[in-house]
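Please read the structure below before turning to the comments.
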Amino acid sequence: MKWFSLGMNVLAIVATASVVQADITIGVSLSETGPASSLGIAEKNAVTLGPKVIAGQKVRYVFYNDATDASTAVQNVKRLISEDKIDILIGGTTVSNTMAVVDTVAGAKTPMISCSPGPAVISSTDEKRKWVFNSPANEGIYMARLTNHMASKGVKSVSVIAVDDAYGENYTAALKKLVDSKGIKILAIEKYKRTDASATAQVLHAMQANPDAVLIISTGTPAALPHVALIERGYKGKIYQSGGGANADFLRIGGKALEGSYMPAPPVLVAEQLPKDYPTKKEAMEFVKAYEPKFGPRSMFASHSWDALKIIQAAVPKAMKGGKPGTEQFRSALRDAIENSKGVKGAGILFTLSPTDHSGVNMGGILLMKIENGKWKLEDHAAL
């Protein structure tokens with residue numbers, strides 16, 4: 001009995017230690033290949049800079065590539081949940097891939113922070129979407145910033161060329177809600193595929209009504225395709241991008257055709273140009289100094305996954321009071337803590353989330369930029 005009692009005590013100590021020292025497991029499913037690879041690679045790069053310890057708990061990262069494919073994204077997330085026992089998911093890169101896994105994470109009661117914008121304004125009774133958060137600003141914030149600038153420049157009419165997927169649909173819908181109040185009329189809405197080799201037909205139709213401006217709603221390098229075609233066809237009006245193309249590859253592929261065009265984007269792209277008293281300039285520069293020496297030119301998309309980690313870091317200490325990593329109690333407590341995040345400073349963005357706002361980015365988190373000499377130039381900004 002003495003040896004039995006001693007053995008049981010040892011087992012109890014080992015079991016207790018394993019629970020106390022359980023790793024926080026962060027699953028990552030991003031688009032490292034496929035049409036959104038210029039976004040997904042940058043997002044993964046930023047995650048590799050993430051903390052190794054949070055609130056005294058070791059952090060384990062598990063990476064998967066969804067290849068910009070929604071079905072692959074679902075398979076990845078199912079595996080991350082069932083085999084890797086993740087506590088939280090970072091991903092996906094695109095709106096389509098994010099929306100494809102909502103049922104999976106909700107069914108497993110596992111929180112996720114998407115690196116893509118999406119319908120972040122939700123009903124508090126939406127039991128599936130309550131598990132999903134977005135580190136980028138929602139489409140309404142982007143389109144508000146953009147239409148404000150259009151109105152200030154005297155734009156009265158606009159044609160839209162949108163990528164034919166959930167991103168294009170969501171941003172076009174957000175635009176439609178705002179244009180009447182700004183005195184802007186939409187003359188045409190043209191669609192193209194991310195994988196299209198040409199957008200000439202869409203460009204010609206968009207130019208036909210002679211709009212004051214053309215808005216391209218797309219992401220990554222595919223956003224450059226209709227932009228270049230507009231210049232090649234002699235369009236002289238203003239050209240706006242929705243914000244989804246804000247990275248170095250977009251600038252490289254678009255080249256001189258992008259000169260003078262406008263795009264809403266997070267502050268990190270122009271961190272050095274922010275006013276000295278900008279509330280999150282320090283954090284924007286922190287990201288730039290960490291990312292660029294290792295991976296090259298900064299990326300808005302990299303900042304999205306960096307910000308996801310900042311939100312997680314702020315939420316974990318609170319979640320630890322509700323349960324240990326690896327348990328449903330911890331995942332639920334982590335979801336609750338994220339939803340109640342207040343004043344979390346990301347790479348230039350201040351996050352204040354709520355049960356009805358799962359992005360928590362206000363107008364100050366998105367600036368209007370102009371492309372000059374192949375670089376981003378701060379056009380205007382609002383207070384955070």
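Since every read-out is calculated from the coordinates, none of them should be taken as a lab result. Only a predicted model underlies this, so the values are computations on that prediction, with no experimental measurement involved. All Cβ positions, even for glycine, are placed from backbone atoms using ideal geometry, and neighbour counts span all protein chains on display.
Placing unit charges on each Cβ (+1 for Lys and Arg, -1 for Asp and Glu) gives the chain a dipole about its Cα centre, and among L178, I371, A314 the Cα reaching farthest toward its positive end belongs to A314.
Using the alpha-carbon atoms, what tilt in degrees (0 to 90, nearest 10) does helix 2-20 show relative to the longest principal axis of the chain? Approximately 10 degrees, to the nearest 10. Sorting F250, F351 by the number of Cβ atoms found within 10 Å of their own Cβ, with the fewest placed first, yields F351, F250.
Kindly put D103, D69, D336 in sequence by how many other C-beta atoms sit within 10 Å of each C-beta, fewest to most.
By the 10 Å Cβ count, ascending: D103, D336, D69.
Inter-part distance, segment 305-339 to segment 349-377, computed on C-alpha centroids, equals 24 Å. Neighbour counting of Cβ atoms within 10 Å sorts the residues T48, T327, T219, fewest neighbours leading, into T48, T327, T219. Packing order of peptides 151-161, 106-116, highest average first: 106-116, 151-161 (average count of other Cβ atoms within 10 Å over each peptide's residues). For the chain, the longest principal axis of the alpha carbon atoms and the long axis of helix 166-179 meet at an angle near 60°. For semi-axes √(5λ) of the Cα gyration tensor in Å, the candidate list reads [x] 35, 24, 20; [y] 27, 24, 22; [z] 41, 20, 18; the entry that matches the value derived from this model is [z]. Summing +1 for each Lys or Arg and -1 for each Asp or Glu among the other residues whose beta-carbon sits under 11 angstrom from that of P51 gives +3. Helix 37-47 axis versus longest C-alpha principal axis of the chain: approximately 40°, rounded to the nearest ten.
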